[in-house]
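Peer 1: Got a structure here, written out as structure tokens. Questions coming.
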Amino acid sequence: MLLKILRKDFIRKKVITIALFIFIMLSALFVSSGSNIIMELMNSLNELFDKSQTPDFVQMHSGELDQNLIIKWSEENELVQEQQTVEMINVERGDFYLPNKKESEIDSVMDLDFVVQNEKFDYLLDLDSEIIEVSKGQIAIPVYYKQNSNINIGDIVKIETENKTLEFDVVAFVRDSQMNTSLVHSKRFVVNDEDYRVIKEIGYDVEYLIEFLLIDSSKIEEFTNKYQESNLPNKGINISQTMFLALNAISDGIIATVVILVSILLCIIAILCLRFTILSTIEEDYREIGVMKAIGIKKKDIRKIYMVKYIAMSLSASITGFILSLFVNKLFTSNIMVYMGSAPKTLLNFISPFVATLVISLIVVLFCRIILRKFNKISAVEALRSGDAGELKVSKKRFILNKNKQIDVNIFIGLKDVFQRSKMFSLLFLVFIISSFIIIVPINFYNTIHSPTFITYMGVGKSDIRIDIQQTDDIEDRYNNVIESIKKDKDVDKYAEYITCQYEMLDNDGAKENINIETGDFTIFPVSYLKGKAPEKENEIALSYLNSSEKEKEVGDKVILVINNQEKEMVVCGVYQDVTNGGLTAKSKIKTDKDSILNYVISLNVKDGIDVKNKVDEYSDEFSSLRVTDIDDYLSQTLENIVDQLKLITIAAVVIAFFVSILITSLFLKMLVAKDNSQIAIMKSLGLSLKDIRKQYITKALLVLDIGIIIGAVLSNTLGEKLVSGLMSFMGAAKIEFVINPLQAYVLCPIALMIVVSITTILSTLAIKKSSIIEMIVE
């Protein structure tokens, strides 16, 4: 019997049922895909780290070192399982040429580190996740360049100096568990031992990675403290495996979160449609429900008839969404597959997405139960007497046509109907709000990341040009040469020099931990502060958001630095945002300790009328061993992976929002036209043309759309900012302020939506042709 009822109900409400099915299916598809991204990301990262045997602790160092001293200390340390020191040659960007490029990589922000394959651990893998081995004249280049420079196997790269030219055949692409992501400004190239010696003879700077595998990875904090208390080399930052995991996971983690967010919004739309549909069904079946109650059928049995339909629909739609996700998952995980590779599938890979889809189904069913409580209020006597649920009754607001002197009659009738049946139009209204939100938020976030002002979220003030001087034996001489040149340059408007040093800080338990502190004048190129202000006195320190959260320090709190074995009390004066170096940085005006210097950064602005690109080229030629970039290139290259993924999500979000708007508008208007069939027939008998009646429906749809877009835009710039800030807080930016392109957000997108809704309205009202007063009378 139930199957017969379901079949008849489907035939009677085919369009509505299919539309609801699609929304639940899409919601299930996206939540399944989002869950799959998270599972693939975790599994692929674990597989990459396992096969490459990523070190638990890495100390970067520039300058001389005594390997025997490191080996002795390691052997005496009970926490160390294995140790190795990796030597890297920093090839100058101006000497390195990628295939099919006449220009060198001088404008790149990436450090080009040439290495040989490691012997004990920290293996560099190819795209088959096998340990790379190269012969003389061959090279394996980072997968970053495959993705961003369209390099293929068999291409030629070369190092070209005044005295020597070296060419290498590209034979593999490197998956590097330490330096995969564009957020890390170092990239390792694998060459043969013999070629490595030839490159080293050119005289490039050499840097070291002092790496450790621990017996117990959970004791990384204890090991870090012991290393810092030793006299081992430390002219550079140190990074733990946890940080490598975070850096690799950031871009795809954001994508997974956004996909799940879209799924939640689609689920909300499905529930709104479901509510409207159930209430419409109850209204249509009101008299029949009254009859069933009158003959003694229990409320729970009546409710069961309706519940079976929606349980069947939600389960079948969720399962269909899960099955479809198996085919589209590759689209969302393509970046993971390239940079990290695929891991063997486990049962959990299928269970987690499937459970997520069942959760969507469960949410839909629960809301059905809540909505169907309406049955408890239905009186058999009242239902038989009136035959009307009264749920979608017309408002008592009066709109008198003969008092209207200014507005077109058809537009007036359309406006009147929306306000009088506002409860009915609330579905369309809420859907348009959500559609606007889905479109505007990704576009605004994409524009924000592309904006030059995004540099302030990286702990750096906005400037025209940035010059980085990394740690070398002659770092101070290089720094002095750059400053002297800038002082003489009449094209420079203003400049600021920043020195990053590594100091020790006492944590809440009194244990020492390293902290990188940038010193300089932070008023010339200011960053935005979440709380407080920039340091102005020697005893003031500003902490990055993540540092402040991790150390549980607020403005006004005290922190203790250890400088030259003496404790110095500092006052936290501000908290700023920074997504670089894992978000763990600080700023102060303390006097720098030459032995603790890690790097110099010089920011400068050129005068009006001076071409920034030409000035960058000029400084790059003058200081070929340094990294000279204009701030736009610095941003685009650093955030390349995230921007590419966000672009994909933005396009998908816009397409989904338009699809949702078309489907819901079509569904709603078909129901509305069917409901208004008698009124339409009367209007036609009074002489109103088909064009006039369509004009009324277009007015209704566009009025609801316009109000929805306005509210959607407001929510996008308030709630949307908070959602994006929540996502970015894991990277160190807890308060994102959207950079809005008014033409896109408030003109092009709304106009496109209006055109789509208008066309959908015209197509959805084709059934009006069939309505006539004669048919109505016959019926």
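The values are calculated or read from the model by the stated rules, or taken from the named source; none is laboratory data. Nothing here was measured: the structure is a model prediction, and the numbers come from that model. Ideal geometry is used to build each Cβ from the backbone, glycine not excepted, and the neighbour counts take in all protein chains shown. SASA here: full protein model, heavy atoms, side chains in, ligands and nucleic acids out. Shrake-Rupley method; radii C 1.70, N 1.55, O 1.52, S 1.80 Å.
Peer 1: Would you mind checking which residues have amide H under 5 Å from residue 531's amide H? H placed 1.01 Å from N; only 5 or more apart, or other chain.
Peer 2: Distant-sequence amide H within range of residue 531: 575.
Peer 1: What number comes out for the charge environment of residue 727, summing +1 per Lys or Arg and -1 per Asp or Glu over other residues with Cβ under 13 Å away?
Peer 2: 0
Peer 1: With every protein chain kept in place and ligands, DNA and RNA left out, what is the accessible area per residue of the chain? Probe 1.4 Å, answer in Å².
Peer 2: Roughly 45 Å² per residue, with all protein chains present.
Peer 1: Hey, what number do you get for the chain at 222 nm if only DSSP H runs of n ≥ 4 count, each worth -39500 (n - 2.57), divided across all residues, to the nearest 500?
Peer 2: Values: 23 runs with 397 residues, N = 779.
Result for the chain, helices only: -17000 deg cm²/dmol.
Peer 1: Okay, next question. What ³J(HN,Hα) values, in whole Hz, does the Karplus curve 6.51 cos²θ - 1.76 cosθ + 1.60 give for the stretch 530-545 when θ = phi - 60°, with x put for Gly and Pro?
Peer 2: With the stated coefficients, the stretch 530-545 comes to 5, 9, x, 8, 6, x, 10, 10, 5, 9, 9, 9, 10, 10, 5, 4 Hz.
Peer 1: Would you tally the net charge around residue 62, using a Cβ to Cβ cut-off of less than 10 Å, leaving residue 62 out, and scoring K and R as +1, D and E as -1?
Peer 2: With Lys, Arg at +1 and Asp, Glu at -1, the neighbours total -3.
Peer 1: Could you rank the peptides 316-326, 100-110 by their average count of other C-beta atoms within 10 Å per residue, with the highest value first?
Peer 2: Going from most to least packed, we get 316-326, 100-110.
Peer 1: Consider the candidate values (1) 100, 59, 56; (2) 99, 58, 45; (3) 102, 55, 46; state which one is Cα extents along the principal axes in Å computed from the structure displayed.
Peer 2: It is the value labelled (1).
Peer 1: Can you bin the stretch 17-171 into rounded, prolate or oblate? Criterion: square roots of the alpha carbon gyration tensor eigenvalues sorted a ≥ b ≥ c, rounded for a/c under 1.5, prolate for a/b above b/c, oblate for the rest.
Peer 2: oblate
Peer 1: Now, a different point. Tabulate in residue order the Karplus-calculated ³J(HN,Hα) for the stretch 150-161, using 6.51 cos²θ - 1.76 cosθ + 1.60 with θ = phi - 60°, rounded to whole Hz; enter x for Gly and Pro.
Peer 2: Along the stretch 150-161, the couplings run 6, 8, 10, 4, x, 5, 10, 10, 8, 10, 10, 10 Hz.
Peer 1: Figure the gain on full extension for residue 136 and residue 647 (residue separation times 0.36 nm, minus the Cα-Cα span) and round it to one decimal in nm. Intermediate results must be reported in sequence, preceding the final value.
Peer 2: Values: separation 511, 0.36 × 511 = 183.96 nm, distance 3.99 nm.
Result: 180.0 nm gained on full extension.
Peer 1: Once R0 is set to 60 Å, what does the formula 1/(1 + (r/R0)^6) return for the Cβ-Cβ distance between residue 407 and residue 564, expressed as a FRET efficiency to the nearest 0.05?
Peer 2: About 0.15, to the nearest 0.05.
Peer 1: Quick one: which residues, 5+ away or cross-chain, put their amide H under 5 Å from the amide H of residue 421? H built at 1.01 Å from N.
Peer 2: Answer set, sorted by chain and number: 395.
Peer 1: Which order do the peptides 174-187, 432-445, 546-559 take when ranked by the mean count of other beta-carbon atoms within 10 Å per residue, highest first?
Peer 2: Peptide ranking by packing, descending: 432-445, 174-187, 546-559.
Peer 1: Pop a pseudo-label 7 angstrom from the Cα along the beta-carbon direction at both residue 164 and residue 201 and give the gap in nm to one decimal.
Peer 2: 0.6 nm
Peer 1: P(r) for the stretch 402-546: what percent of alpha-carbon pairs falls in each 10 Å bin, starting at zero?
Peer 2: For the stretch 402-546, the pair-distance distribution reads 8, 21, 22, 14, 10, 10, 9, 5, 1.
Peer 1: Something else: In sequence order, what are the phi-derived ³J(HN,Hα) couplings for the stretch 199-216 according to the Karplus relation 6.51 cos²θ - 1.76 cosθ + 1.60 with θ = phi - 60°, rounded to whole Hz, with x for glycine and proline?
Peer 2: After applying 6.51 cos²θ - 1.76 cosθ + 1.60, I find 5, 5, 5, 5, x, 6, 5, 10, 10, 10, 10, 8, 10, 9, 9, 9, 5, 10 Hz.
Peer 1: Kindly provide the pair-distance distribution of the stretch 77-144 built from C-alpha pairs, with 10 Å bins from 0 and whole-percent values in order of increasing distance.
Peer 2: 15, 41, 31, 10, 3, 0
Peer 1: Using label points projected 7 Å from each Cα along Cα→Cβ, tell me how many nm separate residue 679 and residue 373, to one decimal.
Peer 2: 3.1 nm
Peer 1: Quote to one decimal, in nm, the extra length available between residue 706 and residue 216 on full extension: 0.36 nm per residue of separation minus the C-alpha distance between them. Walk me through the numbers before you get to the answer.
Peer 2: Numbers: separation 490, 0.36 × 490 = 176.40 nm, distance 6.02 nm.
Contour length minus the Cα-Cα distance gives 170.4 nm.
Peer 1: On to the next question. In the chain, what percent of the accessible surface is made up of carbon and sulfur (1.4 Å probe, ligands and nucleic acids excluded)?
Peer 2: Answer for the chain: carbon and sulfur cover 55 percent of the accessible area.
Peer 1: If each residue of separation counts as 0.36 nm, what is the full-extension length gain between residue 346 and residue 621 once their alpha-carbon separation is subtracted?
Peer 2: That pair, residue 346 and residue 621, stretches by 93.7 nm at full extension.
Peer 1: With the dipole of the chain worked out from charges on the C-beta (+1 for Lys and Arg, -1 for Asp and Glu) around the Cα centre, which of 269, 332, 677 lies farthest toward the positive end?
Peer 2: 677
Peer 1: Using alpha-carbon positions, what is the distance between the centroids of the stretch 154-208 and the stretch 416-487, in Å?
Peer 2: The stretch 154-208 and the stretch 416-487 have Cα centres separated by 33 Å.
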